[in-house]
Amino acid sequence: MIDVRPSQRMRELGVVQHGAGILAEPSRAFHLPTERERAEHTVDELFAAMERIGQVHPFAKGMGIAAPQIGLARSAAVVQPPGETPAIVLLNPRITTSSGKTDEQYEGCLSFFDVRGLVPRPLKITVETTTLTGETVSTVYERGLARLIHHEIDHLDGLLYTARMRSGVDPIPVEEYRQTGRAWEYDGL
């Protein structure tokens, strides 16, 4: 049996991999409600990708995916919190405030799933999004959910989590990460 690397598995499932230009560029905002149909189609594509990925990899602590990760340079992401909580759809999200208090946890990324990195993030963020009808909504997220949301918004801004890591700290191979005893953390971002 051939052992398939996690990043190769993600590529096979349609996830754009590290090094692709689309992951390093800010995504284009939707003009809502004018582009409502385009936004709905993008969100449908994100849910379809999450369904494919979820069939081959369990995400006990939640997961998210941003449109650039499926080759669409638009400002949309979907985050599935842990448990039975409904998914969160983010259209044109923007972090408006973040707490000064942070924590540092391991994160993974579907676009380079062979490694995990120790990333400091705020414990609380306020995010402004646009609804399909063009209204602006502001929501506060805390702790693990704030981390998931922040990670996906970074994708929409053309940033990978490695840009948030402390200087001198590098990602570690997933095999080494599993030996840290912290593998229950956020490996599904």
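Return the only residue of Glu104, Glu84, Glu128, Glu142 being closer than 22 Å to Thr34 by Cβ, charged (D, E, K, R) and over 12 Å from the mean Cα position of the chain (by Cα). Let's see the steps before the verdict.
Values: Glu104 fails: closer than 22 Å to Thr34 by Cβ; Glu84 fails: closer than 22 Å to Thr34 by Cβ; Glu142 fails: closer than 22 Å to Thr34 by Cβ.
Step by step, each of Glu104, Glu84, Glu128, Glu142 is checked, and only Glu128 is closer than 22 Å to Thr34 by Cβ, charged (D, E, K, R) and over 12 Å from the mean Cα position of the chain (by Cα).
With the requirement that a residue be surrounded by 14 or more Cβ atoms within 10 Å (Cβ to Cβ) and assigned to a helix (DSSP H, G or I), what does region 25-39 give you?
Correct list: Arg36, Arg38, Ala39.
Looking at region 76-92, is at least one residue farther than 22 Å from Arg52 by Cα and surrounded by 15 or more Cβ atoms within 10 Å (Cβ to Cβ)?
Scanning region 76-92, I find at least one residue that is farther than 22 Å from Arg52 by Cα and surrounded by 15 or more Cβ atoms within 10 Å (Cβ to Cβ), so the answer is yes.
Counting just the residues of region 104-115 that are open to solvent by less than 50 Å² (accessible area, probe 1.4 Å) and not in a helix (DSSP H, G or I), which one comes out nearest to Leu46 (Cα to Cα)? Reasoning before the result, please.
To start, the set of residues in region 104-115 that are open to solvent by less than 50 Å² (accessible area, probe 1.4 Å) comprises 105-115.
Then drop every residue that is not not in a helix (DSSP H, G or I), which leaves 105-109, 113-115.
Working: Gln105: 25, Tyr106: 24, Glu107: 20, Gly108: 18, Cys109: 15, Phe113: 18, Asp114: 22, Val115: 23 Å.
Going through the qualifying residues, I end up with Cys109.
Would you check if there is a residue in region 161-184 being open to solvent by 30 Å² or more (accessible area, probe 1.4 Å) and part of a strand (DSSP E or B)? Give the derivation first.
Step one: filter region 161-184 for residues open to solvent by 30 Å² or more (accessible area, probe 1.4 Å), giving 162-164, 166-171, 173, 175-176, 178-184.
Next, from what is left, pick out any that are part of a strand (DSSP E or B): 173.
Checked against the condition, which is being open to solvent by 30 Å² or more (accessible area, probe 1.4 Å) and part of a strand (DSSP E or B), region 161-184 yields at least one hit.
Could you check region 40-70 and list, in sequence order, the residues that are β-branched (Val, Ile, Thr) and open to solvent by less than 50 Å² (accessible area, probe 1.4 Å)?
So the first thing to find is which residues in region 40-70 are β-branched (Val, Ile, Thr), and the list is 42-43, 53, 56, 65, 70.
Passing the criteria: Thr42, Val43, Ile53, Ile65, Ile70.
If I filter region 137-156 for residues that are surrounded by 15 or more Cβ atoms within 10 Å (Cβ to Cβ), assigned to a loop (DSSP other than H, G, I, E, B) and touching a residue at least 12 places away in the same chain (Cβ under 8 Å), do I get at least one hit?
Checking region 137-156: not a single residue is surrounded by 15 or more Cβ atoms within 10 Å (Cβ to Cβ), assigned to a loop (DSSP other than H, G, I, E, B) and touching a residue at least 12 places away in the same chain (Cβ under 8 Å).
The values are calculated or read from the model by the stated rules, or taken from the named source; none is laboratory data. Please read all numbers here as calculations on a predicted model, not as lab measurements. Because the Cβ atoms are built from the backbone with ideal geometry, glycine has one as well, and the counts that use them run over all protein chains shown. Areas reflect the complete protein model, heavy atoms only, side chains present, ligands, DNA and RNA absent. Shrake-Rupley method; radii C 1.70, N 1.55, O 1.52, S 1.80 Å.
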